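Notes follow the structure.
The values are calculated or read from the model by the stated rules, or taken from the named source; none is laboratory data. Nothing here was measured: the structure is a model prediction, and the numbers come from that model. Cβ placement follows ideal geometry from the backbone for every residue including glycine, while neighbour counts extend to all protein chains displayed. Surface areas here come from the heavy atoms of the whole protein model, side chains and all, with no ligands, DNA or RNA. Shrake-Rupley method; radii C 1.70, N 1.55, O 1.52, S 1.80 Å.
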Amino acid sequence: MTQNMLRARAVIEGRVQGVFFRASTRDEARKLGIQGWVRNLPNGSVEALFEGDRAAVSQILAWCYQGPPYAAVHKVHVSYEPYLGDQKGFQVAY
């Protein structure tokens, strides 16, 4: 079961705060059945943790390169971590 599951952390840089990036990420993740969270970072970027089906996590990561309509994504840093299955739902973290 866990071999089809993936955990990825993404840091998205660019104009990603004040453009509904977190709320849009939450909505996309919930549509795809992904667990985890998304939050603003003090340096102006956004960080997200995604856990779920490998194909769904790949889809949300691809979405992060564009984001919502008013975002201007310059760079996405992705790191993969061991799947833990410890996330419940998808939240905007503060």
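Of all the accessible heavy-atom surface of the chain, with the other protein chains kept in place and a 1.4 Å probe, what percent is carbon and sulfur?
On the way: 2760 of 5370 Å².
About 51 percent, which is the carbon plus sulfur part of the accessible surface.
Would you mind getting the accessible area per residue of the chain, heavy atoms of the protein chains only, 1.4 Å probe, in Å²?
57 Å²
Amide H of Y83 versus every other amide H placed in the peptide plane: which residues, excluding those fewer than 5 positions away on the same chain, fall under 5 Å?
It is R7, by chain and number.
Enumerate the calculated ³J(HN,Hα) couplings along segment 78-88 in order (Karplus 6.51 cos²θ - 1.76 cosθ + 1.60, θ = phi - 60°), each rounded to whole Hz, writing x wherever the residue is Gly or Pro.
In residue order, the calculated couplings are 10, 10, 9, 10, x, 5, 10, x, 9, 8, 10 Hz.
How much of the pair distance distribution for the chain lies past 17 Å, counting alpha-carbon pairs only, in percent? Before the final figure, lay out each step's value.
Values: 1794 of 4371 pairs.
Summing the P(r) tail past 17 Å for the chain gives 41 percent.
Calculate for the chain the 222 nm mean residue ellipticity that helices alone would give, adding -39,500 (n - 2.57) per DSSP H run of length 4 or more and normalising by residue count, nearest 500 deg cm²/dmol.
Estimated from H runs of four or more residues: -7500 deg cm²/dmol.
Per 0.36 nm of contour for each residue apart, how much would the distance between Q3 and W63 grow if the chain were fully extended, relative to their Cα-Cα spacing? Write out the running numbers ahead of the final one.
On the way: separation 60, 0.36 × 60 = 21.60 nm, distance 2.27 nm.
Result for the pair: 19.3 nm of gain on full extension.
Can you tell me the dipole magnitude for the chain around its Cα centre, using point charges on the Cβ only (Lys, Arg +1; Asp, Glu -1), in Debye to the nearest 20?
Working: 11 positive and 8 negative charges, 29 e Å.
Charge dipole of the chain: 140 debye, to the nearest 20.
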